[in-house]
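Since every read-out is calculated from the coordinates, none of them should be taken as a lab result. Quantities reported herein were computed from a predicted structural model and do not represent experimental measurements. Because the Cβ atoms are built from the backbone with ideal geometry, glycine has one as well, and the counts that use them run over all protein chains shown.
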Ligand SMILES: Cc1cc2nc3c(=O)[nH]c(=O)nc-3n(C[C@H](O)[C@H](O)[C@H](O)COP(=O)(O)O)c2cc1C
């Protein structure tokens, strides 16, 4: 009979415990998608192979669903007709108190529309857009009529599946050339969207004021229980939940280092309070601190839904052009979210509205969308997208 000394027994017991807990960790890591970043059904629409096998209308809708959109709520529905595609707002996907005027929802739909039109051209169609074609149905956002045309595959269309929101740190050593910003301006504001304007905020003073406003509005959102709730409910901390919903904000899309994302996935779901503090810290230390410049999109009348959709088209074009040029971009709409909240609650002092007006500094223009821009230091990961059959009516 083999006799085990007490010391040997303890060693073996320790080793097996370690093996069990390591096994448990590995299991949790696999379960929470630590080794599956960007994989699974929630990400399949980003794969390029799929594009080539899709029919023309389906390829246009696929491109539309890859667009930038608020909180990745994907607030769209599409109906395919013989010679047209109709786009509707899915109002059940509105961000509630974070977007009481539907500014962001309409902009996200504009982003989808832009991707659709670019892909139609690449598939050889001429397009004609009618905004809000039925006055009795404000959720009917646009009808895109398709007619045979010439194949025009633009550089913007070619990077539709490579564009991602970059929430990581930007390279503060690499300056943005004014000519490059001018090119982004000209590409974004193509002649069809005359009502939309873009202001670059590049001086140290303008950047300081903008950064302070972004931070104070983030604090205000966190302090507003309803807004904080409506924002956090789109966070998908659980891998199964993410793969099932195929929408919302994920850890992988936050732009952190691989080990931070892995650790975040392994931990049990964090409280809203911890998530808020993480957001505020990243806003201060990463988003604002490393912003190369800010871009502010404006329109003459914030309340005009058509202009909001057009502003979305402009943002999508700017982001695609930035992708072509190897730039990173990240919307920071907290000041607008607070301004809209003030308007909705009839807050007469309007502290955020007033500060935005000072930033815009152009008579007759209203701020509709703010983003930071710079050179990326790391690559970023895609966000989930719902299946095509789920966005068709
Ligand atoms: C109108 C609008 C507002 C947005 N606001 C923010 C924002 O304030 N902060 C942020 O991190 N991302 C913002 N985004 C980016 C979306 O969260 C992002 O597009 C979405 O999660 C999908 O990810 P993707 O752009 O990587 O495909 C906004 C996008 C749109 C269209």
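Of note:
- Spin-label pair residue 151/residue 190, simplified geometry with 7 Å Cα→Cβ offset, distance in nm: 1.9 nm
- Helix 6-31 axis, angle to the chain major axis (alpha carbon atoms, nearest 10°): 20 degrees
- In terms of other Cβ atoms within 10 Å, 310, 134 run from fewest to most in the order 134, 310.
- Between the helical axis of 56-65 and the longest alpha-carbon principal axis of the chain there is an angle of about 70 degrees.
- GNM flexibility winner over the chain from 154, 271, 68 (Cα, springs under 10 Å): 271
- Across the range 40-96, Cα-Cα pairs more than 14 Å apart make up 61 percent of the total.
- In plain terms, the residue of 204, 152 with the fewest other Cβ atoms within 10 Å comes first and the most crowded comes last, giving 204, 152.
- Cα shape, the range 40-153, gyration tensor, a/c 1.5 rule: oblate
- Three-way shape call for the chain based on the alpha-carbon gyration tensor, with the a/c threshold at 1.5: prolate
- Comparing 279, 239, 259 in a Gaussian network model of the chain, where Cα atoms under 10 Å apart are tied by springs, the biggest mean-square fluctuation is seen for 259.
- Taking the C-alpha atoms only, the angle from helix 334-344 to the longest principal axis of the chain is near 60 degrees.
- Cα-based equivalent ellipsoid of the range 245-338: semi-axis lengths in Å, sorted from largest, via gyration tensor: 29, 17, 14
- If you run the Gaussian network model on the chain, springs between alpha carbon atoms under 10 Å, then out of 186, 90, 247 the most flexible one is 186.
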